[in-house]
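Every number in this text was worked out from the coordinates using simple rules, so none of it is lab data. In this text the structure is predicted, and so the values were computed from the model without any measurement. Because the Cβ atoms are built from the backbone with ideal geometry, glycine has one as well, and the counts that use them run over all protein chains shown.
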Amino acid sequence: MSDDRELWIWLTLVMQPHSKKARDILKECGNDVLEACRTIRDGKTELTDIEKRRAREIRSYAVNEVLRICAKNNVKIISCLDSDYPQMLNEIPDPPTVLFAAGDTSCLNAPLSISCVGARKVSEYGKEVIDKVCRPLASMGIVIVSGMAVGSDTAAHCAALSVGGKTVGVLGCGILVNYPAENAQLKREIVSNGGCIISELLPLTRTSRGSFSIRNRMISGLSRGVLIAEAGIKSGALITAAHAFEQGRDVFCVPTGDIFRAELAGTTDLIRAGAKPVFGYADIIDSYFDLDENERKRLFAEEREKLFSVYNNHDPKNRFSYLDRLRSRESADLPRRETGYKPNIFPSSENPERAEKSAQAQRDISELPENKRKIIELLKDAPADTDTLIAGARADYSEMTQMLMELEIAGYITLSPDGFYRIK
């Protein structure tokens, strides 16, 4: 990113991540971020009261704190005008203005990326399908994109890593937040093996209601096609599929092996809605490459051979072994791709820096000044907006906004899109 980092962070703090209005203002200003910030600061565009307050109150301290955190943890800041920004995201209706990334950002603009999502409580059959499809795709150089959740997402990332392929993890929290906790090691492996982790949220932002459905538009937006491995009628994977349909992406769906299972009914509905049935990786390859009839026959013949000679072999060494090895062996023993990138963004549990960060997250509020403790106590009862907190804490507006900003940066509280502060 250029030396405009301060402007982009200020814009993100004021307008908040996943703000379509920020991109609209930027466009009106001819993609001049300085002019966009001036327009917002001077009130020359329509803003909500909360946005106006943030524009008045957010100063260089808050901006520099975000920059310091990013620099300390090797987090890259990518604006929508940078060359590393995923060009596929510029095609969707509401692209992020700024991304925070770790790892090799070149895979964000790979020639072909395929997303794979599905149920968190994925069945053994679902794991088998994901492995059967994603592993060959990754071995061909196709980037596998998923959401870092447990279940189907984890299976997709691990399938790519098991063959030395690249995979992109899209987070529904800040890039320095380990959620889910059990996938902290997986995040390190993705970065160390030439993949990338991204989030549009500020680095220390915790998960909140709605953050994953918003994240899902990026999972589909980054790829030419989205594979739904397993999904019930209330599965979050259906949100990703809906985004994919809206964005003009291909939606692939694995036909269910049991039409009576409610937890698989979502995939049936998707096929009825126009999703392409997938019986193996060859169906996806055939959708994106101009194959002649002989090449197509050879491709499907090779897939059938693998299906019966490998995937019906129940030796655990051949199937689903990467995740087990990932969690049971030292990471140094796992296959590596030399990238020249030395990540310290996801330090190991033995790293004192991580221990310090973990202790900080769990610290008691007794170390806070009395006026800040009062804010925390008020928010324990219920989420509240600035005016309610001012009345409850008997503070003036300027003092309150400064304290709220400091508590948010320190990770005690978070500001939701509805304008209410909540305890993290």
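Side notes on the structure shown:
- When both the range 367-424 and the range 142-188 are represented by their alpha-carbon centers, they are found 33 Å apart.
- Evaluating kT/(6 pi eta Rh) at 20 °C and 1.002 mPa s, with the Kirkwood radius of the range 363-423 over Cα pairs in the Stokes-Einstein relation, gives 189 µm² s⁻¹.
- Relative contact order %, the range 5-81, counting alpha carbon pairs below 8 Å whose residues are six or more apart: 39
- Dimensionless Rg over Rh [the range 39-174; C-alpha; Kirkwood]: 1.08
- Taking the inverse of the mean reciprocal distance over all distinct Cα pairs, the Kirkwood hydrodynamic radius of the range 5-81 comes to 12.8 Å.
- Residue 246-residue 94 pseudo-label distance in nm [points 7 Å out on the Cα-to-Cβ vector]: 0.6
- Burial ranking of peptide ranges 217-225, 102-110 (average Cβ count within 10 Å, highest at the top): 217-225, 102-110
- In plain terms, the chain from residue 269 to residue 388 could stretch by 38.3 nm, reckoned as 0.36 nm per residue minus the Cα-Cα distance.
- Those lysines that a straight Cα-Cα span of less than 17 Å connects to residue 234, excepting residues fewer than 8 apart in one chain: 121
- Each label point was placed 7 Å from the Cα along the Cα-to-Cβ direction; for residue 381 and residue 112 their separation is 6.0 nm.
- In order along the range 151-166, phi translates into HN-Hα couplings of x, 4, 4, 4, 4, 5, 4, 5, 4, 5, 5, 5, 10, x, x, 9 Hz, rounded to whole numbers, per the Karplus curve 6.51 cos²θ - 1.76 cosθ + 1.60 with θ = phi - 60° and x for Gly and Pro.
- Cα gyration tensor shape for the range 96-175, rounded if a/c is under 1.5, else prolate or oblate: oblate
- Chain lengthening between residue 209 and residue 370 when straightened (0.36 nm per residue, less Cα-Cα): 55.0 nm
- Positive-pole candidate from 186, 201, 113, dipole of the range 111-220, charges at beta carbon: 201
- If you plug the beta carbon distance of residue 61 and residue 234 into 1/(1 + (r/R0)^6) with R0 = 51 Å, you get a FRET efficiency near 0.75.
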